[in-house]
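Below you'll find the structure, written out as structure tokens, and then a few comments.
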Amino acid sequence: MGLEPIAMSRQLDADLIAAALLHRGATLGQPLTVLQEVDSTNDEAKAAARGGGAHGALFVADSQRSGRGRGGKSWHSPPGENLYLSFLLRPTIQPGRMPMLSLVAGVAVARVLDEALSPMPPSAQAGATPSAESPRVQIKWPNDVYVNDAKIAGVLIEAVTRGSDPPDIIVGIGLNVATRVFPPEIKPPATSLALLGREDLDRESLVAAIAFHLGEGLSVFTADGPATMLAELERRDWLAGRTVQVGEIEGLAVGIDGQGQLEVRDRMGSVHSVVSDEVSVRDLSRGSS
Ligand code: BTN
């Protein structure tokens, strides 16, 4: 089952999310907590982690007072428009692979967007603005999801350590659904499903689609390692072929390695694997961020 076009409900409906999770067969999303307004859904999930909450627990809010992104940035979180959700996960993976969860989540969101932006059935086309060519759904390493060079979603991974156990992982996802006008200071340029012609999708189905694809991606990653995800990342890699600066290293982004690190080839031809997340794009001819 794919995404169903249904009129957007203004308030998030917990019963509809629960039904959509069941309908999609999502392996994550239990227990489900739907809140009107929170500081940050990541904080809700962290509090649950500290209290011993279950793997797969999902926190969704209609709005956030202090939604945050990476690097101390704030995340635009108005009510009634977008998705702000956080999963509490206890994945059974090697600690060294934890940083790759950001990419697993990004790929899951990209798959949801492929579903949402694939050619629409005739019943859904009234009033929508279908684009002439298929949208490019890409991942900008390490945590951004872009469509046609504009950011539509971001992933914020946080860890909660409890004694000597491996840390609990919080996967926070923000997805722009219905916002049409973003604050001008937002960088890089933002987009939303509505701006891409899908103003007919309800947020409840999108929550379930994210839970489904994240659950699928996580189980493949846990059982088989990162190969499948890395192959998909290779074709979705927004940075590939762009000139980037990461810390002291400037060069051409040439891919993502088996540890989920960005590979940058410098002017001397040496390839560096970088973990720092502060990437600036130098090649303005291909767009900047
Ligand atoms: C980024 O692009 O830097 C990451 C943005 C992550 C935003 C989501 S919204 C749900 C969750 N709660 C937060 O405060 N942040 C994440």
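Could you list all residues from the range 43-63 that are touching a residue at least 12 places away in the same chain (Cβ under 8 Å), within 12 Å of the ligand (Cβ to nearest atom) and either out of contact with any Leu (no Cβ under 6 Å at 6 or more places or on another chain) or β-branched (Val, Ile, Thr) (or both)? Glu44, Lys46, Phe59, Val60, Ser63, listed by residue number. Only one of the listed residues (Ala57, Ala49, Ala105, Ala124) is at pLDDT below 95 and of a type outside the set (Ser, Thr, Tyr). That residue is Ala124.
Restricting the range 64-107 to residues that are under 15 Å from Gln36 (Cβ atoms) and in a strand (DSSP E or B), the residue that is farthest from the ligand (Cβ to nearest atom) is Leu83.
Go over the candidates Leu252, Leu193, Leu239, Leu201 one by one and state the one that is within 25 Å of Arg24 (Cα to Cα) and at pLDDT 95 or above.
Values: Leu252 fails: within 25 Å of Arg24 (Cα to Cα); Leu239 fails: within 25 Å of Arg24 (Cα to Cα); Leu201 fails: at pLDDT 95 or above.
Only one candidate qualifies: Leu193.
Against the test of being at positive phi and out of contact with any Leu (no Cβ under 9 Å at 6 or more places or on another chain), the options Asp165, Asp144, Asp149 yield a single qualifying residue, Asp149. The residue pairs whose first member lies in the range 232-257 and is at positive phi and in contact (Cβ under 8 Å) with a residue 24 or more places away in the chain, whose second member is surrounded by fewer than 18 Cβ atoms within 10 Å (Cβ to Cβ) and outside any strand (DSSP E or B), and whose beta carbons are closer than 6 Å, counting only pairs six or more residues apart or on different chains, are Gly247/Ser276.
Listed conditions (1) surrounded by fewer than 18 Cβ atoms within 10 Å (Cβ to Cβ); (2) modelled with pLDDT of 95 or more; (3) farther than 24 Å from Leu21 by Cβ; (4) hydroxyl-bearing (Ser, Thr, Tyr) are all met by Ser164, apart from (2).
For the range 75-109, how many residues are surrounded by fewer than 23 Cβ atoms within 10 Å (Cβ to Cβ), touching a residue at least 40 places away in the same chain (Cβ under 8 Å), of a type outside the set (Ser, Thr, Tyr) and out of contact with any strand residue (DSSP E or B) (no Cβ under 7 Å at 6 or more places or on another chain)? Within the range 75-109, residues that are surrounded by fewer than 23 Cβ atoms within 10 Å (Cβ to Cβ), touching a residue at least 40 places away in the same chain (Cβ under 8 Å), of a type outside the set (Ser, Thr, Tyr) and out of contact with any strand residue (DSSP E or B) (no Cβ under 7 Å at 6 or more places or on another chain) number 7.
The values are calculated or read from the model by the stated rules, or taken from the named source; none is laboratory data. All figures in this text were calculated on a predicted structure; none of them were measured in a lab. FYI the Cβ positions are ideal-geometry reconstructions off the backbone, even for glycines, and counts take in every protein chain you see.
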